[in-house]
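*Asks:* Okay, handing you the structure first.
The values are calculated or read from the model by the stated rules, or taken from the named source; none is laboratory data. Keep in mind that what you see is a predicted model, and the values were worked out from it rather than measured. Here the Cβ positions follow ideal geometry from the backbone for every residue, glycine too, while neighbour counts run over all protein chains shown.
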Amino acid sequence: MKKYMTTLLALALFAGLVSAAAVTPTTMAVQIAAGLCSFKILVVGVLPTLALILFLFAGLSYAAGQAFGAETKAKAQGWAMSLLLGGIIGIILAVLAPILASIFVGMATGAGWVAAAC
């Protein structure tokens, strides 16, 4: 009899854990989706501005390097290329952020690959 009681108690505790686990991922998924949406808004709002600043600094670096000797000119051209590449990557990320955020929000909320409202 004692064996059945412990089994019944274990099943009751397990059922409580399962029902508690069923509630937590839903709220966690909503929080993840909200975080991804706010991150997307931040990326789309900030990255194009930073990319423009990088483009401007690349031009300034290249132009300033032309006034100096060969060694400094080569360094300035290297810096300008690095700044230009950073700006291009920033623009690409700003374009891809809404697409990736909608995919990940859809995965977090259980909607699959359907674009979620974000």
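Residue-by-condition table, conditions (1) at pLDDT 80 or above; (2) among the polar types (S, T, N, Q); (3) within 30 Å of MET107 (Cα to Cα):
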site	(1), (2), (3)
LYS2	no, no, no
GLY16	no, no, yes
THR26	no, yes, yes
LEU52	yes, no, no
PHE57	yes, no, no
TYR62	yes, no, no
ALA70	yes, no, no
MET81	yes, no, no
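*Asks:* To continue, here is another question. Check whether at least one residue in region 64-87 is farther than 30 Å from SER38 by Cβ, surrounded by 18 or more Cβ atoms within 10 Å (Cβ to Cβ) and not aliphatic (A, V, I, L, M), and report yes or no.
*Replies:* Checked against the condition, which is being farther than 30 Å from SER38 by Cβ, surrounded by 18 or more Cβ atoms within 10 Å (Cβ to Cβ) and not aliphatic (A, V, I, L, M), region 64-87 yields at least one hit.
*Asks:* THR109 passes all but one of (1) at pLDDT 90 or above; (2) hydroxyl-bearing (Ser, Thr, Tyr); (3) within 19 Å of ALA33 (Cα to Cα); which number fails?
*Replies:* (1)
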